[in-house]
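The values are calculated or read from the model by the stated rules, or taken from the named source; none is laboratory data. These figures come from a predicted structure and were not determined experimentally. Reconstructed Cβ throughout: ideal geometry from the backbone, glycine too, with neighbour counts over all protein chains shown. Keep in mind that these areas ignore ligands, DNA and RNA; they rest on the heavy atoms of the full protein, side chains included. Shrake-Rupley method; radii C 1.70, N 1.55, O 1.52, S 1.80 Å.
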Amino acid sequence: MAKIYVFDHPLIQHKVSLMRDKNTTTKEFRELAKEVAVLMGFEATRDLPLKEVEIETPICKAKVNMLAGEDIAIVPILRAGLGFVDGMLTLYPNAKVGHIGMYRDPETHEPVEYYCKLPNDIDKRRIFVVDPMLATGGSAVDALDAIKKRGGKHITFMCLIAAPEGIKALSEAHPDVDIYIAAKDEHLNEDAYIVPGLGDAGDRLYGTK
Ligand code: PRP
Ligand code: URA
């Protein structure tokens, strides 16, 4: 069964609260998204394998731990997931980046896939799928289906705000995928927006509304 991890760290809570505020500017929102991605990415990668290597400190030779070099792929769900990419790349500058384009049909709220480009060796990579909002869960479920169809196996999902409906849908459809959530909200409204949420993450990130 997948791990569902909801962050309670005060720094993350504080930054997410700033992002919720409708008076937060696009520039601030973008900066906060990057900062939260770094903080979340730090925890979500806690189980990355280490290897022991010998180095020389100014004092003596020493055996120390370094990352074993597991290959990583970051896969944002477009558009809003792009806001997490810079933060993740700050932690893992050598990661490859795939993209999945999804939009929600405004009437049905069903996800529509319009783009998918993943690293060729996606089947061998540890994959972090990022998207700020997990509302009905439809976009995340379909994005993970698309990645698995192309060979992706070891997948972690990271989002900023999740509704109970989305967590249920995603964990039932993909019980092998760990889910990292900065804040869990109350419910969805009649337009399938998260309440209280932060509004439309893509519009907040790119100033399109
Ligand atoms: C938002 C968000 C998720 C999706 C979540 O994207 O970034 O991808 O909605 O909703 P769901 O869980 O009900 O599927 P949106 O469709 O608004 O596209 P955008 O990122 O291009 O703005
Ligand atoms: N997509 C968003 O951007 N916000 C929501 O609250 C739900 C879906």
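Measuring how big the chain is from its alpha-carbon positions, Rg and Dmax come out at 17.6, 66 Å.
Calculated accessible area for the chain comes out at 52 Å² per residue, all protein chains present (probe 1.4 Å; ligands, DNA, RNA ignored). For segment 152-209, GluC sites (Glu not before Pro) are listed when DSSP marks them as loop and at most 15 other Cβ atoms sit within 10 Å of their Cβ; the list is GLU186, GLU190. Residue by residue, segment 88-103 carries 3J(HN,Hα) couplings of 5, 6, 4, 6, 10, x, 8, 5, 8, 10, x, 9, 10, x, 9, 10 Hz when phi is fed to the Karplus relation 6.51 cos²θ - 1.76 cosθ + 1.60 (θ = phi - 60°); x denotes Gly or Pro.
If you roll a 1.4 angstrom probe over the protein chains with everything in place, what fraction of the accessible area of the chain belongs to carbon and sulfur, to the nearest %?
Details: 5700 of 10870 Å².
Here it works out to 52 percent.
Length gained on full extension, LYS3 to ASP191: 64.8 nm, using 0.36 nm per residue less the C-alpha separation.
Backbone phi angles across segment 185-199, fed through the Karplus curve with coefficients 6.51, -1.76 and 1.60 (θ = phi - 60°), yield HN-Hα couplings of 9, 7, 6, 9, 8, 5, 9, 6, 8, 6, 10, x, x, 9, x Hz in residue order; Gly and Pro are listed as x. For ASP145 and LYS124, a Förster radius of 25 Å and the Cβ-Cβ distance give a FRET efficiency of 0.80, rounded to the nearest 0.05.
By how many nm would the segment from ASP86 to LYS117 lengthen if fully extended, with 0.36 nm per residue of separation less the alpha-carbon distance?
9.4 nm
Taking amide H as placed 1.01 Å from N in the peptide plane, VAL97 has its amide H under 5 Å from the amide H of ILE74, each at least 5 places away in sequence or on another chain.
For CYS116, the amide hydrogen comes within under 5 Å of the amide hydrogens of GLY101, counting only partners 5 or more places away or on other chains and with H modelled in the peptide plane.
Assuming 1.567 mPa s and 4 °C, estimate D for segment 1-99 with Stokes-Einstein, Rh taken as the Kirkwood radius over Cα pairs, in µm²/s.
Working: Rh = 15.8 Å.
Translational D for this selection: 82 µm²/s.
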